[in-house]
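Everything on this sheet refers to the single structure shown next.
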Amino acid sequence: MTSPDPRSRRERLVALFVLGVAAVLVLTATTWFSSDRAGVGIAQLVVGVVLAAVGAFLFRRARVR
């Protein structure tokens, strides 16, 4: 059994990190809505969703190889 390519492993770790940051942003966005700063909450949700899409793309790309 051969060991996985270190480059692919690194790409997968970066993708998982980006997905983790996206999850934190999406889950913590609710605190802005409770403090009457809905604009910041909406912006944080948008950034979180964009990062989740980028992370998912990177993860799929790393697994294809």
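The values are calculated or read from the model by the stated rules, or taken from the named source; none is laboratory data. Predicted, not measured: the structure shown is a model, and the values here were computed from it. Here the Cβ is made from the backbone with ideal geometry for all residues, glycine too, and neighbour counts use every protein chain on show. Ligands, DNA and RNA are excluded from the accessible area calculation, which covers all protein heavy atoms including side chains. Shrake-Rupley method; radii C 1.70, N 1.55, O 1.52, S 1.80 Å.
Could you say which residue among VAL18, VAL14, VAL26, VAL46 is modelled with pLDDT of 90 or more, under 9 Å from the mean Cα position of the chain (by Cα) and of a type outside the set (Ser, Thr, Tyr)?
VAL18
Among the residues of the stretch 1-52, which ones are closer than 22 Å to ARG63 by Cα, touching a helix residue (DSSP H, G or I) at 6+ places or on another chain (Cβ under 6 Å) and polar (S, T, N, Q)?
SER8
Are there any pairs with C-beta distances below 8 angstrom linking a residue in the stretch 26-39 that is closer than 20 Å to VAL50 by Cβ to a residue that is open to solvent by less than 60 Å² (accessible area, probe 1.4 Å) and among the β-branched types (Val, Ile, Thr), with the two at least 6 apart or on different chains, and if so which?
From the stretch 26-39, the pairs are TRP32/VAL40.
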